[in-house]
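Here is the structure we will look at, set down as structure tokens.
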Amino acid sequence: MNTPASREGNLIRYIVYFIGYLMVAGVIKLVAKNSPIHIWDLILFATISLMILLFFIYRFNREQRFFDRSFSGSWLGNFGLIISLTIVVTALRICTAWLQSYGKIKFYGFQIAYLQHESVATYWFLVVAVGLVLPILQEFLTTGFLFNYAFRSNTVATAILGIITSGILFSLLNWQSSVPLLVVNALFGAIFAWSYLYTQTMWMPVYLAALNGVILLIMT
């Protein structure tokens, strides 16, 4: 049970990671409902989120020693890919916001919550929590750990199945009571997963997920 090749160990580890993610998501939901936000709310959020984030990073880096990566370069070495995916993510997010403004797609749940408790402190809290922290944790769950445990074969079929599964899981973690929003989120999740497989580094999907989250909050 000490390596990513153990199914039982993988399941236990993934459940532990998922529980950690739910802890952070729960704290964010609790703090976001408070108006105004108090200093103790921020301390609680910072403590829990930092603890879980560092745990995820530590565990992921530790597990990477069991894998032989075919790509050894830096993700910053391909500026063309970074720029292209940045444009794609930004354009898709702008299109979604445009459809929301015309009532074609519903607003996200946290957008509605913010409009009900609109304040500067709540806005910046959401930027950090929903725009940065949650997307980073989600990428470890939907790309890093998921591919390490469930999609390890170097085949096209495995890659496609992994990308689709990752997109669906990303959409479920960002659950919305709107089919169009679920599809949009699944598309973003699939793009992030593809970028992970292509670059063989977590920095790319983490960057794209954070970019998507921040743009989403800016357009709220």
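The values are calculated or read from the model by the stated rules, or taken from the named source; none is laboratory data. Keep in mind the model is a prediction, meaning the values are calculated, not measured. Counting neighbours? That spans all protein chains shown, and the Cβs are built from the backbone with ideal geometry, glycine included. Keep in mind that these areas ignore ligands, DNA and RNA; they rest on the heavy atoms of the full protein, side chains included. Shrake-Rupley method; radii C 1.70, N 1.55, O 1.52, S 1.80 Å.
For the subset of the stretch 199-220 comprising residues that are open to solvent by 20 Å² or more (accessible area, probe 1.4 Å) and modelled with pLDDT under 90, which member is nearest to the chain's Cα centre (by Cα)? Among those that are open to solvent by 20 Å² or more (accessible area, probe 1.4 Å) and modelled with pLDDT under 90, it is 201. Here residue 93 meets each of (1) at pLDDT 90 or above; (2) open to solvent by 20 Å² or more (accessible area, probe 1.4 Å) with one exception, condition (2). Do we have residue 171 as polar (S, T, N, Q), in contact (Cβ under 8 Å) with a residue 40 or more places away in the chain and buried (at least 21 other Cβ atoms within 10 Å of the Cβ) here? In short, no. Figure legend. Inter-residue proximity from the stretch 34-46: first residues of a type in the set (Ser, Thr, Tyr), second residues surrounded by 14 or more Cβ atoms within 10 Å (Cβ to Cβ), beta-carbon distance below 9 Å, spacing 6+ or different chains. Indicated pairs: 35/117; 35/121; 35/122. Candidates 153, 166: the one that is polar (S, T, N, Q) and farther than 23 Å from residue 110 by Cβ is 153. In the stretch 151-168, the residue that is surrounded by the most Cβ atoms within 10 Å (Cβ to Cβ) out of those that are without any contact (Cβ under 8 Å) to a residue 40 or more places away in the chain and within 21 Å of residue 137 (Cα to Cα) is 166. Hey, any hits in the stretch 99-121 for a residue that's open to solvent by 40 Å² or more (accessible area, probe 1.4 Å) and modelled with pLDDT of 90 or more? The answer is no; no qualifying residue exists.
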